[in-house]
Structures are given as structure tokens and as C-alpha cells.
Amino acid sequence: MTHSATQFISPLTFQALSGNPVALDLLDADEENAMGHINLARWADIVLIAPATANSIAKFSLGFADDLLSTVFLATNCPLYIAPAMNQAMWNKSVTQENIQRLKSNGVHFIGPESGDQACGETGFGRMSEPNDIVIALLKNSKNSILQGINVLISAGPTREPLDPVRYITNRSSGKMGYALAEAALNVGANVTLISGPVNLSAPHKLQPINIETAEQMYHAVLSRVDKYDIYIGAAAVADYRPVVCSSQKIKKQADDSIIKLQKTRDILAAVASLPKNSCFVVGFAAETDNLEFYAKNKLTQKNLDMIAANWVGKEQGGFDKDENALQIYWNSGNKSLKMTNKTQLAEQLISLIAEKMNEKNTT
Ligand code: PMT
């Protein structure tokens, strides 16, 4: 923290919230050589200045080093990121823009700012980007970006197969698994498109899902674009059958029993995997109430998939609509168990396994 920053928020608050010590002073008596700034500069993998004022940016641009922050900035060899935050008039001044250009030409990365309402009551460019956006930008550029530039298409959630204008057949999928996968893929640098059935979830930041309702709509949404993708992950719980007839009027209550005739939907996953000249790495899911391994392996071979992630459903834990899940992953030459954990972590593990196996496939 700079000393100006401590006028807004106390270092103790920062320390308590982050669980980390807060560095303030250039010369640190607690460090063996009293040169805390050099140690911090060597230790950091990335230096991010957020929020960065016009004054700090001017100092960085000219190489001033008169406090801990500017000294670490000058002394470090790691990637440097700046998330500016200032009044719109200060942002628009040519001197500020010249400072920014000088820093950019020296390899410093800028994240934001955004346009909008400012703390000073004015409106315009200069609002610091949302912390979440800053984190995503950092992750995209970090060395952990195992899917940098890779196009990933993910399906999530249930489908609804209408019987009449007010009723439909659906299943218990919440979309949580598919949405967690989209977020995990974004966080490692992928360009993600999410095709989603009806769910009650907010999309990962800056991702606008393509919303569909029926299996047939999902089929078209996937098949019309999948040739531009490197990976397809079918996490959606797509209806296997739909009513043959969808009545245009509400079906009236009449006889004591009633039969609904169903017909098979098209299998999206199998269609993707059987596309001619398909270079897409295709990952399916298997949701089973019994014989998990047997059915999952069958789907892997019959649908000609690169990988299948099998999960138990209809049990106390995991699968549909829960925050936690466990997965049994199979591919042609191996398998891996991902044990019960929250879907966010599980998705991160699955995405990293997919990246590893896709790279293996592409190098053999
Ligand atoms: O959404 P959540 O509440 O988080 O729950 C997650 C989940 C249980 C839905 C998810 O982990 C999961 O298992 N998704 C797949 C569910 C499913 O439909 O499984 P299945 O075994 O019936 O289908 C096998 C595969 O074929 C799936 O990848 C499915 O997307 C695909 N399929 C099925 C039918 C069809 N017509 N087209 C398809 O592409």
C-alpha cells in the first residue's frame, strides 16, 4: 500500500481480510538486509498495481522510485500489470496518455479502466475494472493458461420437451457442472461458448450464454458452430426422448389414464464425434444410477469420444443439482477418479485433464 492508500483503508483491514502482511515502507527493519523492496521484487510472479492513480502511473513511466510501490515496480523483472483508477479528466489528459503509451511500449500491461459513474460524481473513462475482470485478465496471461487461445464449446443444463403450451418433460440438471466448466476454461485462457438449457444461474463474467430450450434447438446450436472449436464438452442433460406431438392447446383432463407417445431426440454428442475430418477433442458425460463404469465405457466407445466423465445420479450426494460432485473419467488408454468436491474445483481438475489429454492426442 502507498501511504495515500492508507488514508482510505487501514493496513490492518487489508491484512485481516487477505490474511497476508501488508508492506508499506521502503526500508524494512524486519528484513535481514533491510531491503524489503528487493526481496518483494524478486519474490513476485506478477506485480499488479490496482488501483493505480495518475500520479503512480506518471512515476512508473519516468522511473521514479521514492516509495515502496514505485521501487518494487522498478526493481522487479516479473510481468507488470496496471489497473488504472482516476477522474475522467485526468485520464483524458495527454500527459497521462503519453505516460501510459511509454509504459505499454516497455511491455507493461494495462487492465481497464472502464467507463461509468466515478467516485467524484463525474461520468467517463477512469473507473477501475471490476476485481473479477482483473483476475480473469491476469489468469489469461499467466503461465497457467493451459488453454490459451483454444476454442471451447460447452453445453450445460437441462432441455425442456414441450407437451402443450404449458407443460414439458425435463430433468433435474441445474447447469452448475457445465457453468463451472465454462468458468474453469475461461480462467485458463480459453475462448468459451456456453450453450445453455433453462437454468437459474448467472453466467461466468463476460460470457453471454446461447440459451436454448429443447434438445433439437441444442442440436442446432452445437452443430452449426462446432467446426470452429477445438474442444466440445457435453455436460448438458439432453432429453433422450420428446413427445411426438406437441399440442397447440392445453391438453384437457379427461380419461383416468393417458399415454404420451415419445420419439428419440438426435444425439448431439455422437453427431459431433462423427463429423467428417473432426479435429475437435470430444468429451461426453455419463449420468448413471447403476453400473457406472460399464455404461460410461460403452458410451465412450459407441459414440467414439475422446473422453467421458461419469457421475452417479439419483444418489444422496453429487450429480444433479448439488454443489458437489465426483467424477470417474475414462479415455481409451486410461482412467482417473476425481473425488467428491465442489463443482468449481472439480471443473478445474477436469479442464486440466482435458488439456493434458488433448495435447497428447495432438502430438501423437
Ligand atoms: O447440471 P447439474 O445439476 O450440475 O448436474 C450435472 C450433470 C449430472 C447434469 C452432469 O454432470 C452430467 O452428467 N451431464 C450429462 C447428463 C446426461 O444426459 O447424461 P447421459 O448419460 O444421459 O448422456 C450421455 C452424454 O450424451 C452426455 O454428454 C449428454 O450431454 C449427451 N447427449 C445425450 C442425449 C442427446 N440427445 N444428446 C446428447 O448429446
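The values are calculated or read from the model by the stated rules, or taken from the named source; none is laboratory data. No experiment lies behind these values; they were computed from the predicted model shown. Cβ coordinates were reconstructed from backbone atoms using ideal geometry, including for glycine residues, and neighbour counts include every protein chain displayed.
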| Test result for Ala184, among the aliphatic types (A, V, I, L, M), at negative phi, surrounded by 24 or more Cβ atoms within 10 Å (Cβ to Cβ) and at pLDDT below 95 | yes
| task | State whether one or more residues within the stretch 296-307 are touching a residue at least 40 places away in the same chain (Cβ under 8 Å) and more than 10 Å from the ligand (Cβ to nearest atom). | result | yes
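Restricting the search to the stretch 48-65, which residues are assigned to a loop (DSSP other than H, G, I, E, B) and either without any contact (Cβ under 8 Å) to a residue 40 or more places away in the chain or buried (at least 23 other Cβ atoms within 10 Å of the Cβ) (or both)?
Taking the stretch 48-65 as the starting set, the residues that turn out to be assigned to a loop (DSSP other than H, G, I, E, B) are 53, 63-65.
Scanning the stretch 48-65 gives Gly63, Phe64, Ala65.
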| query | Considering only strands (runs of 3 or more DSSP E) fully contained in the stretch 98-217, which possess at least 3 residues that are over 13 Å from the mean Cα position of the chain (by Cα), more than 30 Å from Gly318 (Cα to Cα) and within 16 Å of the ligand (Cβ to nearest atom)? | reply | none
| task | Any chance you could count how many residues in the stretch 5-19 are in contact (Cβ under 8 Å) with a residue 12 or more places away in the chain and within 32 Å of the chain's Cα centre (by Cα)? | result | 2
| Among all residue pairs at least 6 apart or on different chains, which show Cβ distances below 7 Å where the first residue, located in the stretch 277-289, is part of a loop (DSSP other than H, G, I, E, B) and the second is within 14 Å of the ligand (Cβ to nearest atom) and among the aromatic types (Phe, Trp, Tyr)? | Cys280/Tyr232
| remark: Being within 13 Å of the ligand (Cβ to nearest atom), at pLDDT 95 or above and surrounded by fewer than 20 Cβ atoms within 10 Å (Cβ to Cβ) narrows Lys336, Lys264, Lys322 down to just Lys264
